[in-house]
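A.B. asks: So that we are looking at the same thing, I have put the structure below in structure tokens.
The values are calculated or read from the model by the stated rules, or taken from the named source; none is laboratory data. It should be emphasised that the depicted structure is a prediction, and the values quoted were computed from it without experimental measurement. The accessibility values were calculated without ligands, DNA or RNA, using every heavy atom of the protein model including side chains. Shrake-Rupley method; radii C 1.70, N 1.55, O 1.52, S 1.80 Å.
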Amino acid sequence: MAGPKFGSFKSETKGDSAAGAAAQRRDPYEVLGVGRNATEQEIKSAFRRMALKYHPDKNADDPVASEKFQEATFSYNILSDPDKRRQYDSSGFEAIEADSHELELDLSSLNTVNTMFAALFSKLGVPIKTTVSATVLEEALNGSVEIAQLHLGKSVCKKVEKQSAHFYSVDITEEEAKLGLVCRVSSTAKSKFKLLYFEPEENGGLSLALQEDSAKTGKVTSAGMFFLGFPVYRFEHNNSAAAAKDPDSAFFKRLDGFQPCEVNELKEGTHYFAVYGDNFFKSATYTLEVVCAEPFSNEKEKLRSVEAKILAKRSELSKFESEYREVLAKFTEMTSRYAQEMQTIDELLNERNAIHASYTNSPTLKRSSSDSKGKTSSKGSKSDDDQSVRKDKKSKSPTTMEASASDEEGPNKKEKKPKERLRRKRWFNIHHLKVDKRRPC
């Protein structure tokens, strides 16, 4: 089935077309049906409902549904990004650069050519967000997925096909829920995947509640969910392309992606996780493990401590940025003034040297001093040497030149011709030499 083309959500940014497009767009909050104070989880849930309803896989021949799907995706791209949401709340669409939008693509809805383009751009460092296939979400919501039982402390190593998911259920007691639970997935093959957490619905189906994308850490890719009874944070990496354009801004915004997780603890009962294959073309290999946090009490306290330090450092960075910008502007100003002062001093010293050299009655020296005004001393000495060489050449008389020419045409001239002939003869007579081609050189 034909899906939305890659890059079809980009809007125009120049001239009247940009203003017209901005005027035609609807309020993202209105599109998703959420309030302006909606939480991140509420925005995600609203987008998933609309994505399931208007996804191209379910509405292949409905252009209205396709437009609504694109509109919902565009709105979600704004409200799911804290910076873009803040910009929109303050100044509307005009404050958002359309070319910097990070799209969330359902790879299962793309054809082969568009998938190849997406993979190529991803390899080049262009940030491309992907979303879980609508087919997988719909099957989970209808309760038609196969679920494997997973025991605490036991790891599972498997391979999941691209844009498909493996579902698992874990049973925990009240005591284990109080101690905390950690679910981690890793891939030594550096596969791309998503770790998903589902909540049960009244009809027996499952709805997506949490999602963690894999990230490269060392020689593996990994993702994790930590239900430890206190706020745990996730770290979303910034746009690498924007970092290349403005490394200073990228540094000061580096910790902006440090955001709290929506769910901090689980209750006793059965919980559902899934591993979704997010590679562009090939399957993803992974190792899944769910452990109780009881044996990791030291790690638990260390995690709480280091995340508190990261939060403190994030607040310090905002203050440091203003100081840095002020000092940087002053440094730029001083550097420019330094270059100007150096040029002025060189010009004054050269002018002084020219005035000193003008104190003479010799017309030659006066002329040379006036010619060398504004030049360095090295250039002046070079011109003097050239003038002296020219004078030496002019001082030679014509008779001397003729005498030297006659001396050269004397007996040496007669002796020179046989030597030249002999050389030529030797040069042109080497063809009679035979070379054995079979012997290597």
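A.B. asks: For the range 261-331, restrict the atom set to alpha-carbon positions and state the Rg and Dmax in Å.
C.D. replies: Gyration radius and largest Cα-Cα distance of the range 261-331: 20.8, 61 Å.
A.B. asks: Heavy atoms of the protein only, probe of 1.4 Å, neighbouring chains included. What is the accessible area of K44 in Å², nearest 10?
C.D. replies: Here the residue's solvent-accessible area equals roughly 20 Å².
A.B. asks: Can you grab the distance from the C-alpha centre of the range 151-192 to the C-alpha centre of the range 252-303, Å, no decimals?
C.D. replies: Comparing the Cα centres of the range 151-192 and the range 252-303, I get a distance of 9 Å.
A.B. asks: Starting from the amide H of K162, placed 1.01 Å from N in the peptide plane, find each other amide H under 5 Å away whose residue is 5 or more places distant or on another chain.
C.D. replies: S283, A284
A.B. asks: OK, next. Please work out the average accessible area per residue across the range 273-351, using the 1.4 Å probe convention, and give it in Å².
C.D. replies: Heavy-atom SASA per residue in the range 273-351 reads 70 Å².
A.B. asks: In the structure shown, do any of K194/K216; K158/K219; K154/K282; K159/K267 have a Cα-Cα gap over 22 Å, and if so which? Could you put the intermediate results ahead of the total?
C.D. replies: Working: K194/K216 13 Å; K158/K219 19 Å; K154/K282 26 Å; K159/K267 30 Å.
Cα-Cα > 22 Å for K154/K282; K159/K267; rest within.
A.B. asks: For M50, what accessible area in Å² do you get when you roll a 1.4 Å probe over the heavy atoms of the protein chains, rounding to the nearest 10?
C.D. replies: Surface open to solvent at M50 totals about 40 Å².
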